[in-house]
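Participant: Mind looking over this structure? Questions follow.
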Amino acid sequence: MPGPVQSIERAAAILRLLARGSGRLGVGEIAASLELAKGTAHGILRTLQGVGFVEQDRATGKYQLGAALLHLGSSYLDVNELRSRALNWADALAARSGEAVRIGTPLEGSVLVVHHVFRPDDTLQTLEVGALLPLHATALGKVLLAYDADLAARVQRGPLESFTRRTLVTAPALTRALAAVRDAGWAADVEECVPGEAGIAAPIRSSGGLVVGAIGISGAVERLCGARSRPDATLAGHVRDAARAVSRDLGAAR
Amino acid sequence: MAHRYVMAIDQGTTSTRCILFDQRARLVSVVQREHQQHFPKPGWVEHDAVEIWRNVDRIVPRALREAGIDASDVAALGIANQRETTVLWDRHTGTPVGHALVWQDTRTDELVRELGQRPGAEEVQRRCGLPLSTYFSAPRVRWLLDHTPGLRERAARGDVLFGTMETWLIWNLTGGPDGGAHVTDVTNASRTLLMNLGTLDWDPELLAFFGVPRAMLPEIRPSTDVHGTTRRVVPGIRIAATLGDQHAALFGQTCFAPGEAKCTYGTGSFLLMNTGAEPVHSGHGLLTTVAFKLGDEPARYALEGPIAITGSLVQWFRDGLGLIRNAPEIETLARTVADNGGCYIVPAFSGLFAPYWRSEARGIIVGLTSYITKGHLARAVLEATGWQTREVVDAMNADSGLAAANLKVDGGMTADNLLMQFVADVLDVPVMRPMHAETVSLGAAYAAGLAVGFWPDLEGLRRNWHRAAQWLPQMPAARREEEYANWRRAVELTFGWMRPRGGGPPDPRNPGDKN
């Protein structure tokens, strides 16, 4: 078993220090208090600042605990920011795949569509931003479930509604499907939500690898799937590339 | 196969980006760096041209690296740039004369008023299509010449050069002091107040009127034209097109035919309509400008309605008031309430641009009651952009005699669904976003690609345009009219706030400030 990670211990000490007294300290004061080299303290502070756990006062340069610490439990990435950061890559995915693109985040047991790019064929389509989709029956939802054990457990405790004859309606079937998603790094639904339609999706990660949403394409099953209703590997590659590009923009490691 | 990509540099007001596109106009890599905004005094806005050049030096190699390609894979480079921002530099050393004066800078307010009373002032708009305003470059050049000892003599000898950002970057990219090309294009030159719209060359009368020596001015070229080959940063790339950023966006939205219009929502917002081969002079406060000129073909003209403050109002809400942590959060905050609660914000931070052209107007928040929360303020911030769009569209419809059937939009703010719905509501026409939100970069890339034969013709480019999103009007007509009337009353309250003299802080560095 590996030993404790020193820099995490030091980061914890910095947070405890900032949680005391006035709560505003300069990098020199922090380094002196913990007997750290100033450069070391600065590096840790910059990292903590990057994840929102500490904030730096612009005028004085002093550090304090960040607002993100107070909202650790709630979603810290604003969905409108996610859309804004993903805009270019979602467009590029729609252009490459020729299919409609949607980005989803979890909301109260469903997938909330936070961004939608039309299929690039100039047919009449309606913006679906704000729509709710079932978690267990869509590629977007399966991605969100695959990387959130708690959410997956909650969904599996409730009844799994059947939308088509292909919808996964039993907990063991869903569990197997989610394990397969984690293995592959992407998810698909083939006529599991709407007859004749399929979807392919991949996770959007922020710094540290945390999954904050899913991006995917959806469309006619004959376009998205090849022989024996297997999702097209090239399209899945485009989806994963787009997901990685957005993740990179959000600060996830490559 | 070589030459698989076209590179665009978009030198914008807040950042510089380098984007690579493939043959199907798809984004391959994007690298961006912000630069610092300097506000030395109220109304003064400056950039460090050296910082911007250094940013280009960093982002261009990185964009190539991210795409996994090198200069030999790049067919051409197109540059789009923030317009009117003025930089002067020493031809022999490449050192800028102080900071660049940004298009939002209003320090030339007094000078412009004074020029407006001189003989010849009424001729300016007829010759160049623009009203006499602090917005454009010529008064800034004049201000710098007036306020820097010895500069006028150096400029007259051609030792000091003038440029907008594309000129500065091309000069540096093609060698700088060591034989750099000193060029601009018709679209950028059309924003100086110094170019004659008919001849597309510097106008001797206008040069005399503003007191700008011709020796310091760049050569005016068509928008697509091989301006030179890069010798610095990444050597060996042909610089094949230059367009002012808004002209580039018009081009990127494929508004190639008369009557086609787009609005780009960024720091400011800019509505341009292609008017074809003849310039249309506006009776409603719009600008007449060159849309583009492709090589030896005749120039195409456009009507433009610039709005000074839209995205920068959101930035102010974030940085000045600290009510949100990042710009997209404005939508989250605005959605916490159902309407504006009777509150209106008119962001006349540096006066009002089209269609009013009131440089003395200043911003206002009106309708405050104890009921108003930050959510209502956030709504009012977004609605200000919607109403300002409506005013410009009304002016454009009146000038062109056509009622716009829809509006093509682009720019970062199109990610804001609440705002885009509001724009559709107040214009009462569908609002459409193309699949390429980066139309400024795309337009520069299109022009560069056309110039070198990477793309064959305009029709081919048109086929790349696809609708990515559409918002349909939903607001009842009565509500729209009532809200519009409220907005216009709010706008009237901003007029006349700055007094001609002593209204602003005195400027000790301005000895010419005497009337």
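Quick note: the coordinates plus some simple rules give every number you see, no bench work behind them. In this text, all values refer to a predicted model and were calculated from it rather than measured experimentally. Positions of Cβ are backbone-derived with ideal geometry, glycine not excepted, and every protein chain shown enters the neighbour counts.
Participant: What nm distance separates the two modelled labels at B:Thr373 and A:Asp150, each placed 7 Å from Cα along Cα→Cβ?
Facilitator: 2.6
Participant: Now a separate question. Taking Cα centroids, how far is segment A:10-67 from segment B:393-409 in Å?
Facilitator: When both Cα centres are located, 54 Å separates them.
Participant: Quick check: from the Cα gyration tensor, does segment B:247-341 come out rounded (a/c under 1.5), prolate or oblate?
Facilitator: The shape class here is prolate.
Participant: Name the lysines eligible as straight-distance cross-link partners of B:Lys41: C-alpha to C-alpha under 27 Å, and not fewer than 8 places from it in the same chain.
Facilitator: Here the lysines satisfying the reach criterion relative to B:Lys41 are A:Lys62, B:Lys514.
Participant: Tell me the angle of helix A:233-249 to the major Cα principal axis of chain A, expressed in degrees between 0 and 90 and rounded to the nearest ten.
Facilitator: Computed tilt is about 20 degrees.
Participant: Separation of segment B:264-329 and segment B:91-154 by C-alpha centroid, Å?
Facilitator: 21
Participant: Considering every residue in B:317-327, what mean count of other chain Cβ atoms within 10 Å of its Cβ is obtained?
Facilitator: 2
Participant: Which whole number gives the average count of other chain Cβ atoms within 10 Å of the Cβ atoms across peptide A:120-131?
Facilitator: Other-chain Cβ atoms within 10 Å of each residue's Cβ, averaged: 3.
Participant: Would you work out the Kirkwood radius for the protein assembly as shown? I mean one over the mean of 1/r across all pairs of different Cα atoms, in Å.
Facilitator: Computed over the protein assembly as shown, the radius equals 27.8 Å.
Participant: Could I ask something else about it? Per residue of A:89-102, count partner chain C-beta atoms within 10 Å of its C-beta, then hand back the mean as an integer.
Facilitator: Shielding by partners across A:89-102 averages 3.
Participant: At a 10 Å Cβ-Cβ cut-off, how would you order B:Trp53, B:Trp202, fewest neighbours first?
Facilitator: Least crowded to most crowded, the residues run B:Trp202, B:Trp53.
Participant: Run the helix sum for chain A: -39,500 (n - 2.57) per DSSP H stretch of 4+ residues, divided by residue count, reported at 222 nm to the nearest 500 deg cm²/dmol.
Facilitator: Counting only the DSSP helices, I get -13000 deg cm²/dmol.
Participant: In percent, what relative contact order does chain B have, based on Cα pairs under 8 Å that are 6 or more apart in sequence?
Facilitator: With pairs under 8 Å counted, the relative contact order is 14 percent.
Participant: If each residue of separation counts as 0.36 nm, what is the full-extension length gain between B:Arg24 and B:His147 once their alpha-carbon separation is subtracted?
Facilitator: Computed gain between B:Arg24 and B:His147 is 39.3 nm.
Participant: Arranged from highest to lowest average of other beta-carbon atoms within 10 Å per residue, in what order do the peptides A:220-229, B:85-94, B:173-182, A:110-119 appear?
Facilitator: Most protected by this proxy first, the peptides run A:110-119, B:85-94, B:173-182, A:220-229.
Participant: Going 7 Å from the Cα of B:Arg232 in the Cα-to-Cβ direction, what parts of segment B:99-134 have a backbone nitrogen less than 17 Å from that spot?
Facilitator: Label zone hits: B:99-100.
Participant: Order of B:Asp109, A:Asp121, B:Asp296, B:Asp245 from fewest to most other C-beta atoms within 10 Å?
Facilitator: B:Asp296, A:Asp121, B:Asp109, B:Asp245
Participant: Can you work out D for chain B in µm² s⁻¹ from Stokes-Einstein, where Rh is the Kirkwood radius over C-alpha pairs, the temperature is 25 °C and the viscosity is 0.890 mPa s?
Facilitator: 106
Participant: What value, in deg cm²/dmol to 500, does the helix sum -39500 (n - 2.57) over DSSP H runs of n ≥ 4 give at 222 nm once divided by the residues of chain B?
Facilitator: Calculated from helices alone, the mean residue ellipticity at 222 nm is -9500 deg cm²/dmol.
Participant: What does the C-alpha gyration tensor say about the overall shape of segment B:113-176? Classify as rounded when a/c is under 1.5, otherwise prolate if a/b is larger than b/c, or oblate.
Facilitator: oblate
Participant: Counting other Cβ atoms within 10 Å, keep those with at most 14, restrict to DSSP loop, and tell me which GluC sites (Glu not before Pro) in segment A:12-94 are left.
Facilitator: The qualifying sites are A:Glu35.
Participant: Can you compute the modelled spin-label distance between B:Glu123 and B:Ser15, with each label point 7 Å from Cα toward Cβ, in nm?
Facilitator: 4.5
Participant: Give the Kirkwood hydrodynamic radius (Å, one decimal) of segment A:74-249, defined as one over the mean of 1/r across all pairs of different Cα atoms.
Facilitator: 15.8
Participant: Same structure, new question: Test of understanding: ordering A:Glu161, B:Glu123 by Cβ neighbours within 10 Å, fewest first, what list do you get?
Facilitator: Sorted ascending by nearby Cβ count, the order is A:Glu161, B:Glu123.
Participant: Quick check: Cα centre of segment A:200-231 to Cα centre of segment B:189-205, how many Å?
Facilitator: A separation of 53 Å, based on Cα centres.
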